[in-house]
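For reference, the structure is listed below as structure tokens.
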């Protein structure tokens, strides 16, 4: 894949809203991409490169990295019947306590700021772990859940489009 460019105005920073994580609330064959983190104020992808440094017998320092383990937390997510991703997570975690399903979710990361022309960059993870870490909230407040995602399984690169709220992923090389 050729290097991508940022499709934003030079000299301006990139809006956070252009990096969105989606949970597949449909099926693997017919995915429905639902944004995760509705009403969450801040969320970052954290990359653990497993950095290891050694000093050789000549006093030179050498560092190695491995492919990163990428994690992301969403805290808190107020429960809302209109938040399809939160409803799915609540059912899998609270109602069913289905650890196997939670450890095998289909996630998509849309990088709407990075392009190779008319297409925006995306990466799909076929076996992401999405663990709900809490449910609750302050008295008189909202009922909330929190979740931690570890992006895993097969990583498929491609492009993403969002047309009137319908998100579509096309894998590189797909017809």
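The values are calculated or read from the model by the stated rules, or taken from the named source; none is laboratory data. Since the model is a prediction, treat every value here as computed from it, not as a measurement. Cβ sites come from the backbone with ideal geometry, for glycine too, and all protein chains shown count toward neighbours.
This table checks each residue for (1) in a loop (DSSP other than H, G, I, E, B); (2) within 22 Å of residue 14 (Cβ to Cβ).
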| site | (1), (2) |
| --- | --- |
| 71 | no, yes |
| 74 | no, yes |
| 88 | no, no |
| 101 | no, no |
| 107 | no, yes |
| 134 | no, no |
| 142 | yes, no |
| 145 | no, no |
| 158 | no, yes |
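Going by what's in this entry, would residue 42 be described as surrounded by 10 or more Cβ atoms within 10 Å (Cβ to Cβ) and modelled with pLDDT under 95?
Details: surrounded by 10 or more Cβ atoms within 10 Å (Cβ to Cβ): no; modelled with pLDDT under 95: yes.
Here the answer is no, as residue 42 does not meet what is asked.
How many residues does the range 33-64 hold that are in a loop (DSSP other than H, G, I, E, B) and either in contact with a helix residue (DSSP H, G or I) (Cβ under 6 Å, 6 or more places away or on another chain) or more than 27 Å from residue 159 (Cβ to Cβ) (or both)? Before the answer, list the steps.
First, the residues of the range 33-64 that are in a loop (DSSP other than H, G, I, E, B): 36-44, 49-51, 56-60.
From the residues that got through so far, the ones that are either in contact with a helix residue (DSSP H, G or I) (Cβ under 6 Å, 6 or more places away or on another chain) or more than 27 Å from residue 159 (Cβ to Cβ) (or both) too are 36, 39, 41, 50-51, 56-60.
Total meeting the criteria: 10.
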Condition broken by residue 30, with the remaining ones in (1) within 20 Å of the chain's Cα centre (by Cα); (2) in a loop (DSSP other than H, G, I, E, B); (3) in contact (Cβ under 8 Å) with a residue 40 or more places away in the chain satisfied: (3)
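Evaluate the range 155-168: report whether one residue or more is within 17 Å of residue 100 (Cα to Cα) and either modelled with pLDDT under 95 or under 17 Å from the mean Cα position of the chain (by Cα) (or both).
Let us first name the residues in the range 155-168 that are within 17 Å of residue 100 (Cα to Cα), namely none.
There is no residue in the range 155-168 that is within 17 Å of residue 100 (Cα to Cα) and either modelled with pLDDT under 95 or under 17 Å from the mean Cα position of the chain (by Cα) (or both).
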Selection from the range 117-145 of residues that are surrounded by 15 or more Cβ atoms within 10 Å (Cβ to Cβ) and at pLDDT below 95: 119
Selection status of residue 173, over 13 Å from the mean Cα position of the chain (by Cα), part of a strand (DSSP E or B) and over 20 Å from residue 38 (Cα atoms): no
Residues being within 22 Å of residue 126 (Cβ to Cβ), crowded, with 18+ Cβ neighbours inside 10 Å and either modelled with pLDDT under 95 or within 16 Å of the chain's Cα centre (by Cα) (or both) - total across the range 70-97: 8
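Check the range 27-37 and report whether any residue there is surrounded by 10 or more Cβ atoms within 10 Å (Cβ to Cβ), modelled with pLDDT under 95 and under 30 Å from residue 138 (Cβ atoms). Step through it out loud before you land on a result.
Let us first name the residues in the range 27-37 that are surrounded by 10 or more Cβ atoms within 10 Å (Cβ to Cβ), namely 31-37.
Okay, now just the ones that are also modelled with pLDDT under 95, so 37.
If we keep only those that are under 30 Å from residue 138 (Cβ atoms) as well, we get 37.
Yes, that holds for at least one residue.
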